[in-house]
1. Residues in region 197-219: is at least one outside the structural domain of residue 334 (by TED's automatic domain parsing) and closer than 17 Å to residue 290 by Cβ?
2. Just to be sure I understand the filter: pairs with C-beta atoms under 8 Å, separated by 6 or more residues or on different chains, first member in region 204-232 and part of a strand (DSSP E or B), second member surrounded by fewer than 15 Cβ atoms within 10 Å (Cβ to Cβ). Which pairs pass?
3. If residue 133 passes every condition in (1) surrounded by fewer than 16 Cβ atoms within 10 Å (Cβ to Cβ); (2) modelled with pLDDT under 85; (3) in contact with a helix residue (DSSP H, G or I) (Cβ under 9 Å, 6 or more places away or on another chain) but one, which one does it miss?
4. Which pairs have Cβ atoms under 6 Å, sit 6 or more apart or on different chains, and link a residue in region 47-70 that is not assigned by TED's automatic domain parsing to the domain that holds residue 14 and crowded, with 16+ Cβ neighbours inside 10 Å to one that is at pLDDT 85 or above and assigned to a helix (DSSP H, G or I)?
5. Can you say whether residue 148 is modelled with pLDDT of 90 or more, touching a strand residue (DSSP E or B) at 6+ places or on another chain (Cβ under 8 Å) and under 18 Å from residue 292 (Cα atoms), as far as the supplied structure shows?
6. Counting just the residues of region 271-285 that are within 16 Å of residue 231 (Cα to Cα) and under 26 Å from the mean Cα position of the chain (by Cα), which one comes out surrounded by the most Cβ atoms within 10 Å (Cβ to Cβ)?
7. Looking at (1) under 19 Å from residue 259 (Cβ atoms); (2) surrounded by fewer than 17 Cβ atoms within 10 Å (Cβ to Cβ); (3) touching a strand residue (DSSP E or B) at 6+ places or on another chain (Cβ under 6 Å), which one does residue 196 not meet, given that it meets all the others?
8. Consider residue 255 carefully, then state whether it is free of Cβ contacts under 8 Å to residues at least 40 places away in the same chain and not assigned by TED's automatic domain parsing to the domain that holds residue 186.
């Protein structure tokens, strides 16, 4: 019997994770969703642009892996998903077998969602199923002096080795590999037992739901009983949340007493998180604290080579060295400029060269001489002036559409041009940090699809670059 299409898609994702580089997987594959359409597998893209790019570059690979998973030919269709444009399908290039039974269409199952979403299954009340891929693995983590301790410690925890009696705490600025190691640890450890993975925000939400319902027993069962590994990310989110901090302290205390390993990640050391109870900070730091720093030149070079070769991209040596010298920020910065470079070459139908590399660096502010961070208020002022709005208008609680896009752009550029964290940007604009993250992702997607927005982004970027050079 042919496997149910979401099961096929789950297998396709697992195969693609081993075949495609992380930046290609993140940019083009993970945003896709799959569902049954009565004829076979319908893969939904967030936009027509996204659908066309997947059709041109990855449809053949998806078809091949779908057939391998099913053991028979599977009809694979690409369409624009809900919330995007009206569904428009790419041609179905594999005929479904005549004997394939038709089923009534139904909503996409949890298995159709990207692995990064399924990683939250334990928090949402469902067990993470053995064998489901997390977003990253140890095999794709490039090791250097700045992250070697963190990688070895995470790998040891994933293999069941205890590092003292406390938690493993991975600390470092965003974009340098904490989430990669957290997912890799979960992926490896789920073969040995029940893994519970949650963001600090999800942990807090679950607790508040129990408190409002006057019953936290389900929350405690999920995070304390029958748990063989607990991973909580972005613990700086607990700043100022007293009741959540108390519950986390008791959870860590309980798991420590029963010998369950814990991995925590944060963008700073526990002692540096404001409004964090000293007892909780001490408990977080009582095991091994492994800091992850920005990659040095040799690691930047290795990362770029690995990502380029993994995606079948020819990156000339002089272009690679230009990127290594110019981009001295996080791994995410490296991935961003590489994606910009590769996609520019594809759109322009020309090979990667120094001219194209320099253009990509200019668009992303990638030159080291131009990377002086700006203050949040300066960025908000530039964006507001561009749209004829005052900073107070951008931070107002009003949801009027006239301020929506300018506010999202202000969040995007604050993330790009300042050293502020997402919560700090959110506070400056009167929003919670999830809204900041959503705004950044929305602008990054839309700038590829909407010419008018692209012109606005380029003009604002040029004004901020000029301000940064003063």
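The values are calculated or read from the model by the stated rules, or taken from the named source; none is laboratory data. None of these values were measured; they are calculated from a predicted model. A quick note on method: Cβ atoms are made from the backbone with ideal geometry, for glycine too, and the neighbour counts reach across all protein chains shown.
1. First, pick out the residues of region 197-219 that are outside the structural domain of residue 334 (by TED's automatic domain parsing): 197-219.
Then drop every residue that is not closer than 17 Å to residue 290 by Cβ, which leaves none.
No: region 197-219 contains no residue that is outside the structural domain of residue 334 (by TED's automatic domain parsing) and closer than 17 Å to residue 290 by Cβ.
2. Filtered contacts from region 204-232: 229/193.
3. (1)
4. Cβ pairs passing all conditions: none.
5. Numbers: modelled with pLDDT of 90 or more: yes; touching a strand residue (DSSP E or B) at 6+ places or on another chain (Cβ under 8 Å): no; under 18 Å from residue 292 (Cα atoms): yes.
It is false that residue 148 is modelled with pLDDT of 90 or more, touching a strand residue (DSSP E or B) at 6+ places or on another chain (Cβ under 8 Å) and under 18 Å from residue 292 (Cα atoms).
6. 284
7. For residue 196, the failing item is (2).
8. Working: free of Cβ contacts under 8 Å to residues at least 40 places away in the same chain: yes; not assigned by TED's automatic domain parsing to the domain that holds residue 186: no.
Criteria not met by residue 255.
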